[in-house]
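Down below is the structure, laid out as structure tokens.
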Amino acid sequence: MSLWSEAMPVPTSSSFGTRKSGISGSCRTDMTHGRCSRASALQLSDPFGSEVCRRAVQMPFFETAHGKSYYRRWDARRPVGGVVFLHGFGEHSGHYHRLAGAFNASGLAMWALDQQGHGLSYGERGAVASMDSLVDNAGRLISIAASEAPGLPLVLVGHSLGGIAAALSIARGERRCLGLAVTGTLIQPETVAIPAAPEVTRDPFYLDMLATDPFAFSVTPESTAARRAAMNRARGELIATLPEVDLPVLLINGDQDVIAPARHARAVRSKLKNATALIVKDGFHDIINDAPHFAVERRLVAFAKAAIRV
């Protein structure tokens, strides 16, 4: 399914879009993630064209304190289980059609949220002052999945920022999901020196998708500092509470990831009761949407099916 089969045509104005390192074009960079944006005129409170998109896109949503939170659902033909997915910072659920297709082909339905302040969801663009609202929204989406597919066993998967939210959900007692998988996620409360423009993917399909993404945004130094502080507080909580979790946990990191280095995944694995760490050779931060994505998809599918015992 095309990214834009559910939405309006992609804007062609060069004033909007995203670029990753290695792609030409001047841009402002979010130093914490390596995403950068040409959206100099973008309003931080709402993405360009989002109201038009909301009218054109038939995506479901639920109400939250910050407004509507939109989500996508991909149905498997004969589902044996389901995946609730939380994307990373600067992304949205539309970046994960390919992953959903891999799950669907193996009998796994997928629900994916546009995180607060991302994609179609309301909220200040990229503002994460606390992880609590992300955890609350994850719980809401799990409730929706459970109500839309009663009796279907679920697994929780998150990438980067979404991985922290997913892990926090489990650490705080969420047990409607039978397993937790996180990719490109730094769980230990340690400072990582991130280059000014880190390379996060080498997949040309994903780079092209980012280059025409109308939901790209820039962030202020203040919101970046607030997000870092919120994530570090969450990591402190996780390293103290996640080791008590008995559920199966899968950690996937690329060996070239400078945002969530593989060595940290190995260290976290040693502290957990039932964890596996997969280090992907030549893999970068956006490992689900990187060149080795087929191998990552296969491992996520295998983990999910093992967790739900099918």
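Values as computed for the structure displayed
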item: Subset of region 209-261 [of a type in the set (Ser, Thr, Tyr) and over 19 Å from residue 87 (Cα atoms)]; result: 220, 241
item: Qualifying position, being modelled with pLDDT of 95 or more, farther than 14 Å from residue 234 by Cβ, aliphatic (A, V, I, L, M) and crowded, with 18+ Cβ neighbours inside 10 Å, among 156, 134; result: 156
item: Checklist (1) assigned to a loop (DSSP other than H, G, I, E, B); (2) within 12 Å of residue 85 (Cα to Cα); (3) over 15 Å from the mean Cα position of the chain (by Cα) applied to residue 115, failing item; result: (3)
item: Condition met for residue 238 (touching a helix residue (DSSP H, G or I) at 6+ places or on another chain (Cβ under 6 Å), more than 19 Å from residue 201 (Cα to Cα), assigned to a helix (DSSP H, G or I) and not polar (S, T, N, Q)); result: yes
item: Only one of 227, 263, 299, 235 that is out of contact with any Cys (no Cβ under 8 Å at 6 or more places or on another chain), of a type in the set (D, E, K, R) and free of Cβ contacts under 8 Å to residues at least 24 places away in the same chain; result: 263
item: Residue match in region 180-196 (condition: of a type in the set (S, T, N, Q), surrounded by 20 or more Cβ atoms within 10 Å (Cβ to Cβ) and in a helix (DSSP H, G or I)); result: no
item: Residue among 174, 190, 124 that is under 29 Å from residue 302 (Cβ atoms) and either among the acidic types (Asp, Glu) or at pLDDT below 95 (or both); result: 174
item: Some residue of region 143-153 being surrounded by 19 or more Cβ atoms within 10 Å (Cβ to Cβ) and either among the β-branched types (Val, Ile, Thr) or in contact with an Asp or Glu (Cβ under 7 Å, 6 or more places away or on another chain) (or both); result: no
item: Test for residue 150: is it without any contact (Cβ under 8 Å) to a residue 24 or more places away in the chain, assigned to a loop (DSSP other than H, G, I, E, B) and not aromatic (Phe, Trp, Tyr); result: yes
item: Region 245-260, subset out of contact with any helix residue (DSSP H, G or I) (no Cβ under 8 Å at 6 or more places or on another chain) and surrounded by fewer than 19 Cβ atoms within 10 Å (Cβ to Cβ), residue nearest to residue 161 (Cα to Cα); result: 258
item: The lone exception for residue 214 - which of (1) surrounded by 17 or more Cβ atoms within 10 Å (Cβ to Cβ); (2) within 21 Å of residue 90 (Cβ to Cβ); (3) without any contact (Cβ under 8 Å) to a residue 24 or more places away in the chain it fails; result: (3)
item: Search result, residues across region 247-298 that are in contact with a Lys or Arg (Cβ under 9 Å, 6 or more places away or on another chain), among the charged types (D, E, K, R) and within 22 Å of residue 169 (Cα to Cα); result: 286
item: Residue, farthest from residue 288 (Cα to Cα), within region 206-223, restricted to residues that are in a helix (DSSP H, G or I) and of a type in the set (D, E, K, R); result: 222
item: Selection within region 291-310 - at pLDDT 95 or above and more than 16 Å from residue 157 (Cβ to Cβ); result: 291, 292, 294
item: Pairs where the first residue, in region 83-100, is over 11 Å from residue 141 (Cβ atoms) and the second is among the polar types (S, T, N, Q) and modelled with pLDDT of 95 or more, C-beta under 6 Å, 6+ apart; result: 88/160
item: Test: residue in region 168-181 that is in contact with a His (Cβ under 8 Å, 6 or more places away or on another chain) and hydroxyl-bearing (Ser, Thr, Tyr); result: no
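Matching residues to (1) in contact with a Pro (Cβ under 8 Å, 6 or more places away or on another chain); (2) acidic (Asp, Glu); (3) not in a strand (DSSP E or B):
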{"position": "266", "(1), (2), (3)": "no, no, yes"}
{"position": "276", "(1), (2), (3)": "yes, no, no"}
{"position": "285", "(1), (2), (3)": "yes, no, yes"}
{"position": "291", "(1), (2), (3)": "no, no, yes"}
{"position": "295", "(1), (2), (3)": "no, no, yes"}
{"position": "300", "(1), (2), (3)": "no, no, yes"}
{"position": "304", "(1), (2), (3)": "no, no, yes"}
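The values are calculated or read from the model by the stated rules, or taken from the named source; none is laboratory data. Just so it is clear, the structure is predicted and the values come from calculations on it, not from any experiment. No Cβ is skipped: glycine too gets one built from the backbone with ideal geometry, and neighbour counts run over all protein chains shown.
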